[in-house]
Amino acid sequence: MKKTVYIILITCLFIGISLIVLDQLSIGKDKHAFDIPLEYSKEIIDLSEHKREDDLLFTGELETPSVLSIILQSDTRNKKTIKIVSDSKVLGKGSNEYILNVRNTSKNKQVYSTQMLGKGKYSVYLTSEKINGTLTIAYHESPVDQSIYDRFCKIDMGELNNPPEGYIEIYSVDLEGLNYIDEKVYTISFSDTKTIGLSAYTSINQGDFSLDLIGESLEIGMLDNESKICDQLEITLMAGEYQLKLNCKDADGQVYIFMKE
């Protein structure tokens, strides 16, 4: 899932989300808007060396359950596919692997993804044509407390009413039999700038489904068929009105949404 965000994210604790981030404040600057954080490891891949088909780039070993954060940037427009394969199940994905696609994200853009993995090995693969240019992959492993991992495992198993501390339920529904197109299921309004937290989970296994946070200058895809957990999305929103919009057709399962103010 990739959406464009036209707002500053002060804290981004996505689990199971990938997106393209654009920082308006950096437009016009001569340097990249997103400096790689110091705590991240970095690999720079020369795409001109040869064509790549699921080429192994690197592996990692997690001693404890962890959140794997990945930042991708490239200076070429061709499609590059990154595949991450884990010994353990990728929570919210329904399998032990997930895919990230990236084209030209130089200057003030980057692809950002976080996923929660269990203890064990993970491997990162690249598929790309031979082309002049580079791909930068920055990654960081953040160990999580076992109790947090256990909560995510419950959500992944369908026990969706397991929000973080301080979050209250604002919406839940059984998806079976619903046919929604951009259905406004919850509206958030502020007269001043405010920081909020959102968490959303779904147990969908079939049909079409998406949940998005939409505002005048904001569009974030929170959930879809492939990304079933969005936990502790903490953002600063400008004054205005924002809607949580639900799309679903021939879907099963449930969706729960929680908020913290």
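One line per residue, one yes/no per condition, for (1) more than 14 Å from the chain's Cα centre (by Cα); (2) assigned to a strand (DSSP E or B):
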residue: Ile70; (1), (2): no, yes
residue: Ser86; (1), (2): yes, yes
residue: Lys93; (1), (2): no, no
residue: Ile99; (1), (2): no, yes
residue: Tyr112; (1), (2): no, yes
residue: Gln115; (1), (2): no, yes
residue: Ser123; (1), (2): yes, yes
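Applying the selection to region 32-56, what residues are in a strand (DSSP E or B) and either surrounded by fewer than 16 Cβ atoms within 10 Å (Cβ to Cβ) or among the small types (Gly, Ala, Ser) (or both)? Once the filter is applied, which keeps residues that are in a strand (DSSP E or B) and either surrounded by fewer than 16 Cβ atoms within 10 Å (Cβ to Cβ) or among the small types (Gly, Ala, Ser) (or both), region 32-56 yields Ser41, Lys42, Glu43, Ile44, Asp46, Glu53, Asp54, Asp55, Leu56. The numbered conditions (1) hydroxyl-bearing (Ser, Thr, Tyr); (2) out of contact with any helix residue (DSSP H, G or I) (no Cβ under 7 Å at 6 or more places or on another chain); (3) over 13 Å from Asp252 (Cα atoms); (4) crowded, with 16+ Cβ neighbours inside 10 Å are all true for Thr195 except (4). Among residues of region 196-210 that are in contact (Cβ under 8 Å) with a residue 24 or more places away in the chain, those with a beta-carbon under 6 Å from a residue that is among the β-branched types (Val, Ile, Thr) at least six positions away or on a different chain give the pairs Ala200/Ile257; Tyr201/Ile155; Tyr201/Ile229; Thr202/Val255.
Among the residues of region 224-243 satisfying the criterion of being touching a residue at least 60 places away in the same chain (Cβ under 8 Å) and of a type in the set (A, V, I, L, M), which is nearest to Ile99 (Cα to Cα)?
Going through region 224-243, the residues touching a residue at least 60 places away in the same chain (Cβ under 8 Å) turn out to be 224, 226-238.
Still in the running and of a type in the set (A, V, I, L, M): 229, 233, 235, 237-238.
Details: Ile229: 16, Leu233: 21, Ile235: 25, Leu237: 29, Met238: 32 Å.
So, considering only residues that are touching a residue at least 60 places away in the same chain (Cβ under 8 Å) and of a type in the set (A, V, I, L, M), the one nearest to Ile99 (Cα to Cα) is Ile229.
Does Gly120 satisfy being modelled with pLDDT of 95 or more and at positive phi? Taking the combined requirement at face value, the residue satisfies it. Looking only at region 128-145, decide whether some residue is within 27 Å of Asn205 (Cβ to Cβ) and surrounded by 15 or more Cβ atoms within 10 Å (Cβ to Cβ). Within region 128-145 (the criterion being within 27 Å of Asn205 (Cβ to Cβ) and surrounded by 15 or more Cβ atoms within 10 Å (Cβ to Cβ)), the answer is yes, since at least one residue qualifies.
With respect to the conditions (1) modelled with pLDDT of 50 or more; (2) surrounded by 12 or more Cβ atoms within 10 Å (Cβ to Cβ); (3) of a type in the set (Asp, Glu), Asp23 lacks only one, and its number is (1). Pairing each residue of region 244-259 that is closer than 15 Å to Lys184 by Cβ and in the same structural domain as Leu198 (by TED's automatic domain parsing) with any residue that is among the basic types (Lys, Arg) and at pLDDT 95 or above, provided the two are 6+ apart or on different chains, yields C-beta distances under 9 Å for Leu244/Lys184; Lys245/Lys184; Leu246/Lys184.
The values are calculated or read from the model by the stated rules, or taken from the named source; none is laboratory data. Everything numeric in this text was worked out from a predicted model, so none of it was measured. All Cβ positions, even for glycine, are placed from backbone atoms using ideal geometry, and neighbour counts span all protein chains on display.
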